[in-house]
Amino acid sequence: MMNAAQNSSTQDTQLADVLMEIANNFINVPLEKADEVINRSLETLARFTKTDRAYVFSYDHDHQTCSNTYEWCNDGILPQIEELQNVPYEVLPDWINAHNAGKALIIPDVLALDADSPLRQILEPQEIKSLITLPMMAGKICTGFVGFDSVRSHHTYTVKEQQLLQLF
(Lines give C-alpha, C1' and ligand atoms only; values in the text may rest on other atoms or scores of the structure.)
Protein backbone atom coordinates (compact mmCIF):
# COMPACT_ATOMS: atom_id res chain seq x y z
CA MET A 1 0.00 0.00 0.00
CA MET A 2 1.33 3.46 -0.93
CA ASN A 3 1.92 5.97 1.80
CA ALA A 4 1.25 9.69 1.33
CA ALA A 5 4.90 10.51 0.55
CA GLN A 6 5.09 7.81 -2.16
CA ASN A 7 1.77 8.96 -3.64
CA SER A 8 3.00 12.58 -3.71
CA SER A 9 6.26 11.48 -5.35
CA THR A 10 4.33 9.51 -7.99
CA GLN A 11 2.13 12.54 -8.70
CA ASP A 12 5.23 14.75 -8.98
CA THR A 13 6.73 12.34 -11.51
CA GLN A 14 3.49 12.21 -13.49
CA LEU A 15 3.29 16.02 -13.39
CA ALA A 16 6.85 16.31 -14.71
CA ASP A 17 6.05 13.80 -17.49
CA VAL A 18 2.96 15.76 -18.56
CA LEU A 19 4.88 19.05 -18.58
CA MET A 20 7.71 17.51 -20.63
CA GLU A 21 5.26 16.04 -23.14
CA ILE A 22 3.53 19.40 -23.61
CA ALA A 23 6.82 21.30 -23.85
CA ASN A 24 8.13 18.83 -26.43
CA ASN A 25 4.94 19.20 -28.45
CA PHE A 26 5.31 22.99 -28.63
CA ILE A 27 9.01 23.17 -29.46
CA ASN A 28 9.53 23.88 -33.15
CA VAL A 29 5.91 23.14 -34.06
CA PRO A 30 5.16 24.31 -37.60
CA LEU A 31 2.37 26.89 -37.78
CA GLU A 32 0.09 24.54 -39.72
CA LYS A 33 0.31 22.01 -36.87
CA ALA A 34 -0.33 24.50 -34.03
CA ASP A 35 -4.07 23.78 -33.78
CA GLU A 36 -3.43 20.03 -33.56
CA VAL A 37 -0.79 20.50 -30.84
CA ILE A 38 -3.03 22.80 -28.80
CA ASN A 39 -5.94 20.34 -28.99
CA ARG A 40 -3.68 17.42 -28.05
CA SER A 41 -2.28 19.40 -25.11
CA LEU A 42 -5.79 20.24 -23.90
CA GLU A 43 -6.66 16.54 -24.00
CA THR A 44 -3.48 15.56 -22.15
CA LEU A 45 -4.11 18.09 -19.39
CA ALA A 46 -7.80 17.23 -19.10
CA ARG A 47 -7.03 13.54 -18.79
CA PHE A 48 -4.30 14.22 -16.21
CA THR A 49 -6.67 16.30 -14.07
CA LYS A 50 -9.60 13.94 -14.78
CA THR A 51 -11.78 16.74 -16.13
CA ASP A 52 -14.38 16.36 -18.88
CA ARG A 53 -13.86 19.42 -21.07
CA ALA A 54 -10.85 21.65 -21.74
CA TYR A 55 -10.85 24.83 -23.79
CA VAL A 56 -9.17 28.07 -24.71
CA PHE A 57 -10.98 31.40 -24.98
CA SER A 58 -9.60 34.61 -26.46
CA TYR A 59 -10.55 38.04 -25.20
CA ASP A 60 -11.57 40.80 -27.60
CA HIS A 61 -11.01 43.86 -25.41
CA ASP A 62 -12.13 46.25 -28.15
CA HIS A 63 -15.57 44.61 -28.41
CA GLN A 64 -15.73 43.53 -24.74
CA THR A 65 -16.39 39.89 -25.65
CA CYS A 66 -14.66 36.54 -25.39
CA SER A 67 -14.87 33.53 -27.71
CA ASN A 68 -14.10 29.85 -27.44
CA THR A 69 -11.28 29.09 -29.88
CA TYR A 70 -10.22 25.53 -28.96
CA GLU A 71 -12.06 22.74 -27.17
CA TRP A 72 -11.51 19.11 -26.24
CA CYS A 73 -14.36 17.02 -24.80
CA ASN A 74 -14.27 13.59 -23.21
CA ASP A 75 -16.50 10.86 -24.64
CA GLY A 76 -20.17 11.64 -24.07
CA ILE A 77 -19.58 15.31 -23.20
CA LEU A 78 -21.29 17.81 -25.50
CA PRO A 79 -19.04 20.40 -27.17
CA GLN A 80 -19.87 24.03 -26.39
CA ILE A 81 -17.52 25.84 -28.78
CA GLU A 82 -20.25 26.85 -31.25
CA GLU A 83 -22.50 28.30 -28.52
CA LEU A 84 -19.72 30.24 -26.81
CA GLN A 85 -18.78 32.89 -29.35
CA ASN A 86 -18.76 36.62 -28.59
CA VAL A 87 -19.83 36.19 -24.95
CA PRO A 88 -20.21 39.72 -23.51
CA TYR A 89 -17.90 40.71 -20.65
CA GLU A 90 -20.92 41.98 -18.69
CA VAL A 91 -22.03 38.36 -18.17
CA LEU A 92 -18.68 37.45 -16.58
CA PRO A 93 -17.52 40.41 -14.45
CA ASP A 94 -15.87 38.34 -11.66
CA TRP A 95 -14.26 36.14 -14.28
CA ILE A 96 -12.86 39.11 -16.23
CA ASN A 97 -11.62 40.88 -13.08
CA ALA A 98 -9.79 37.77 -11.81
CA HIS A 99 -8.15 37.13 -15.17
CA ASN A 100 -7.15 40.76 -15.68
CA ALA A 101 -5.46 40.57 -12.27
CA GLY A 102 -3.58 37.46 -13.45
CA LYS A 103 -5.52 35.14 -11.13
CA ALA A 104 -7.21 31.81 -11.70
CA LEU A 105 -10.93 31.49 -11.12
CA ILE A 106 -12.10 28.32 -9.41
CA ILE A 107 -15.76 27.43 -9.00
CA PRO A 108 -16.02 24.27 -6.88
CA ASP A 109 -19.81 24.04 -7.23
CA VAL A 110 -21.74 25.87 -9.95
CA LEU A 111 -25.03 25.25 -8.14
CA ALA A 112 -23.70 27.15 -5.12
CA LEU A 113 -23.69 30.35 -7.21
CA ASP A 114 -26.74 32.61 -6.81
CA ALA A 115 -29.64 31.28 -8.89
CA ASP A 116 -29.92 34.60 -10.76
CA SER A 117 -26.17 34.89 -11.37
CA PRO A 118 -25.45 35.43 -15.10
CA LEU A 119 -22.42 33.17 -14.69
CA ARG A 120 -24.54 30.33 -13.31
CA GLN A 121 -27.03 30.87 -16.14
CA ILE A 122 -24.22 30.23 -18.65
CA LEU A 123 -22.55 27.32 -16.81
CA GLU A 124 -25.55 25.33 -15.56
CA PRO A 125 -27.04 24.57 -19.03
CA GLN A 126 -23.61 23.17 -19.97
CA GLU A 127 -24.05 20.76 -17.03
CA ILE A 128 -20.81 21.99 -15.46
CA LYS A 129 -20.46 20.98 -11.82
CA SER A 130 -17.08 22.63 -11.15
CA LEU A 131 -14.39 24.39 -13.12
CA ILE A 132 -11.10 26.19 -13.12
CA THR A 133 -10.05 28.92 -15.55
CA LEU A 134 -6.56 30.38 -15.79
CA PRO A 135 -5.60 33.61 -17.52
CA MET A 136 -3.24 33.72 -20.48
CA MET A 137 -1.06 36.75 -19.99
CA ALA A 138 1.07 38.71 -22.46
CA GLY A 139 3.02 40.79 -20.00
CA LYS A 140 0.35 42.52 -17.92
CA ILE A 141 -2.40 42.09 -20.53
CA CYS A 142 -4.78 39.16 -20.28
CA THR A 143 -5.35 37.86 -23.80
CA GLY A 144 -7.63 34.95 -22.91
CA PHE A 145 -7.92 31.95 -20.66
CA VAL A 146 -7.67 28.20 -20.49
CA GLY A 147 -10.49 26.38 -18.71
CA PHE A 148 -11.28 22.90 -17.45
CA ASP A 149 -14.82 21.74 -16.69
CA SER A 150 -15.97 18.84 -14.56
CA VAL A 151 -19.33 17.72 -15.89
CA ARG A 152 -19.81 14.19 -14.58
CA SER A 153 -18.79 14.94 -10.99
CA HIS A 154 -17.46 17.76 -8.83
CA HIS A 155 -13.69 18.20 -8.83
CA THR A 156 -11.47 19.81 -6.23
CA TYR A 157 -8.30 21.05 -7.89
CA THR A 158 -5.16 20.18 -5.95
CA VAL A 159 -2.34 22.68 -5.64
CA LYS A 160 -0.28 20.51 -8.01
CA GLU A 161 -3.06 20.50 -10.61
CA GLN A 162 -3.38 24.27 -10.31
CA GLN A 163 0.39 24.63 -10.77
CA LEU A 164 0.37 22.36 -13.84
CA LEU A 165 -2.52 24.21 -15.42
CA GLN A 166 -0.91 27.58 -14.69
CA LEU A 167 2.32 26.46 -16.35
CA PHE A 168 0.39 25.45 -19.45
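The values are calculated or read from the model by the stated rules, or taken from the named source; none is laboratory data. Just so it is clear, the model here is predicted, and its values are computed rather than measured. Cβ sites come from the backbone with ideal geometry, for glycine too, and all protein chains shown count toward neighbours. For the accessible areas, the whole protein counts, side chains as well, though only heavy atoms, and no ligand, DNA or RNA atoms are used. Shrake-Rupley method; radii C 1.70, N 1.55, O 1.52, S 1.80 Å.
Summary value for region 28-168: 24 percent relative contact order, contacts being C-alpha pairs under 8 angstrom separated by 6+ residues. Among GLU83, GLU90, GLU161, the sequence by solvent-accessible area, most first, with a 1.4 Å probe is GLU90, GLU83, GLU161.
Of the listed residues HIS63, HIS154, HIS99, the order by accessible area with a 1.4 Å probe, largest first, is HIS63, HIS154, HIS99. Model label points for HIS61 and LEU111, set 7 angstrom from Cα along the Cα-to-Cβ axis, are 3.9 nm apart.
Quick one, can you get me the convex hull of the C-alpha atoms of region 42-119 expressed as volume per residue in Å³?
Per-residue hull volume (Cα only) is 117 Å³.
For region 123-168, the per residue solvent-accessible surface stands at 48 Å², with DNA, RNA and ligands left out and a 1.4 Å probe. Taking every C-alpha pair closer than 8 Å and separated by at least 6 residues, the mean separation divided by the residue count of region 62-145 gives a relative contact order of 25 percent. Per-residue extension of 0.36 nm, minus the Cα-Cα distance of ARG40 and GLU90, leaves a gain of 14.9 nm for this segment. Placing dummy labels 7 Å off each Cα toward the beta-carbon, the span from LEU167 to GLN121 is 4.0 nm. Accessible-area rank, largest first, for CYS73, CYS142: CYS73, CYS142, with all protein chains present and a 1.4 angstrom probe. Partners of LYS140 within straight-line reach, counting aspartates and glutamates whose Cα lies under 19 Å from its Cα and excluding those fewer than 8 residues away in the same chain: ASP60, ASP62, ASP94. For region 113-167, a/c is not less than 1.5, where a ≥ b ≥ c are the root eigenvalues of the C-alpha gyration tensor, and a/b does not top b/c. That puts it in the oblate class. For region 115-157, relative contact order (Cα pairs under 8 Å, six or more residues apart, normalised by length) works out to 38 percent.
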